[in-house]
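I have placed the structure first, in the form of structure tokens, so that the comments after it can refer back to it.
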Amino acid sequence: MKGIPTVLITVSPEVSAQMRPPRALYPNGFMIGNSLGKPNMRELQLQVLRDALSLLTQDTRPGKIIMRDYPNYGEYHEPPG
Amino acid sequence: MSISRKCVPFTPFDGEIAKSTVALVTAGGVHLKDQDGFNIADELGDLTYRIIPEDVNAADLMVTHHHYDHSDADKDINVVFPIDVLRDLQQEGFIRGIARKHVGYMGYTMQLKAMYEGTAREIANEIDKGSRADVVVLTGG
């Protein structure tokens, strides 16, 4: 059995750390329910998913959660109406 | 498929991301609108999962989960289940393909052993058999 490589995007890093995920990205400050960011912020969502997938080829320590900053997460505004 | 209990179940990745097919597995309670929702009435949680096909229209997906605020996912499912984001990554050549099937389950349970030894293995088997995935992206809520 070979297994399938995984990468986790977590917004609950303390909880996820208990499970010692093989690879994990924590987008710093993202709220629960916003794993990829805010609604319709596609560029931000793309950035988070690219970063998560990129962990597959980086020399990360299994069980360690990598934190990255995404300043534009805070620029979300509720669409009017 | 068995899952290691004693150490981090780390599977090395020896390929290239640009040549990989990606599956999504989310604990965010995502499912098709015409599939049964998860059982949020049971205090023990729901150990079942739903298969989401590769050609799914994001508008046909919804969330049943009562342990996180999914109002943003209700507006754009991609915040917890980035299927359209994956399609964009495929379009730009960052990944090769999108797996034939993806999985949604409700990541809340008081039956941890059953989730770990039952549901998790079943989901791994679903992905292993017939999804053509080389890698899996996991998301919570």
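The values are calculated or read from the model by the stated rules, or taken from the named source; none is laboratory data. Treat the numbers as computed from the prediction; the structure is a model and nothing was measured. All Cβ positions, glycine included, derive from the backbone under ideal geometry; neighbour counts span all protein chains shown.
If you take the residues in the stretch A:19-38 that are facing chain B (nearest Cβ under 7 Å) and of a type in the set (D, E, K, R), which one is surrounded by the most Cβ atoms within 10 Å (Cβ to Cβ)? Give the steps one after another, and end with the answer.
Within the stretch A:19-38, the first condition is being facing chain B (nearest Cβ under 7 Å), and the residues that meet it are A:20, A:22, A:32-38.
Subsequent filtering for residues that are of a type in the set (D, E, K, R) retains A:20, A:38.
Working: A:ARG20: 15, A:LYS38: 22.
My answer is A:LYS38.
As a summary of the residue check, A:THR57 satisfies the conditions (1) surrounded by 15 or more Cβ atoms within 10 Å (Cβ to Cβ); (2) facing chain B (nearest Cβ under 9 Å) except for the one numbered (1). Pairs meeting the criteria (first residue in the stretch A:1-16 and closer than 20 Å to B:GLY15 by Cα, second residue polar (S, T, N, Q), beta carbons under 8 Å, at least 6 apart or on different chains) are A:MET1/B:SER2; A:LYS2/B:THR11; A:GLY3/B:THR11; A:ILE4/B:THR11; A:PRO5/B:THR11; A:THR6/B:THR11; A:LEU8/A:SER16; A:LEU8/B:THR139. Restricting the stretch B:49-66 to residues that are assigned to a loop (DSSP other than H, G, I, E, B) and surrounded by fewer than 15 Cβ atoms within 10 Å (Cβ to Cβ) leaves a set whose member that is modelled with the lowest pLDDT is B:HIS66.
Do you know which of the residues in the stretch A:7-18 that are closer than 16 Å to B:VAL8 by Cα and within 9 Å of chain B (Cβ to nearest Cβ) is surrounded by the fewest Cβ atoms within 10 Å (Cβ to Cβ)? Only one residue tops the list, namely A:VAL15.
Please enumerate the residues belonging to the stretch B:67-107 that are polar (S, T, N, Q) and either part of a strand (DSSP E or B) or over 17 Å from B:VAL25 (Cα atoms) (or both). Result: B:SER71, B:GLN90, B:GLN91.
Just a yes or no: is a residue in the stretch B:113-122 over 21 Å from A:VAL15 (Cα atoms), hydroxyl-bearing (Ser, Thr, Tyr) and assigned to a helix (DSSP H, G or I)? Within the stretch B:113-122, none of the residues are over 21 Å from A:VAL15 (Cα atoms), hydroxyl-bearing (Ser, Thr, Tyr) and assigned to a helix (DSSP H, G or I). Which of the residues that make up the stretch A:8-26 are within 16 Å of B:GLY28 (Cα to Cα) and more than 9 Å from the chain's Cα centre (by Cα)? Answer for the stretch A:8-26, where residues must be within 16 Å of B:GLY28 (Cα to Cα) and more than 9 Å from the chain's Cα centre (by Cα): A:SER12, A:PRO13, A:VAL15, A:SER16.
One residue is enough: does the stretch A:39-46 have a residue meeting the conditions in contact (Cβ under 8 Å) with a residue 40 or more places away in the chain and surrounded by 15 or more Cβ atoms within 10 Å (Cβ to Cβ)? Walk me through how you get there before you give the answer.
Pass one, the stretch A:39-46, residues in contact (Cβ under 8 Å) with a residue 40 or more places away in the chain: none.
No, every residue in the stretch A:39-46 fails to be in contact (Cβ under 8 Å) with a residue 40 or more places away in the chain and surrounded by 15 or more Cβ atoms within 10 Å (Cβ to Cβ).
Condition check: closer than 27 Å to B:GLY118 by Cβ, assigned to a loop (DSSP other than H, G, I, E, B), aromatic (Phe, Trp, Tyr) and at pLDDT 95 or above. Does B:PHE10 satisfy that? It is false that B:PHE10 is closer than 27 Å to B:GLY118 by Cβ, assigned to a loop (DSSP other than H, G, I, E, B), aromatic (Phe, Trp, Tyr) and at pLDDT 95 or above.
Rundown of residues vs (1) within 14 Å of chain A (Cβ to nearest Cβ); (2) surrounded by fewer than 16 Cβ atoms within 10 Å (Cβ to Cβ); (3) farther than 19 Å from B:GLU122 by Cβ, yes/no style:
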| position | (1), (2), (3) |
| --- | --- |
| B:ASP14 | yes, yes, yes |
| B:VAL22 | yes, no, yes |
| B:GLY28 | yes, no, no |
| B:GLU43 | no, yes, yes |
| B:ASP46 | no, no, no |
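Being buried (at least 21 other Cβ atoms within 10 Å of the Cβ) and at the interface with another protein chain (Cβ under 9 Å from one of its Cβ atoms) is a property that B:LEU86 has.
Tell me, yes or no, whether the stretch B:53-72 has at least one residue that is closer than 11 Å to B:ALA23 by Cα and in contact with a Leu (Cβ under 9 Å, 6 or more places away or on another chain). Yes, the conditions are met somewhere in the stretch B:53-72.
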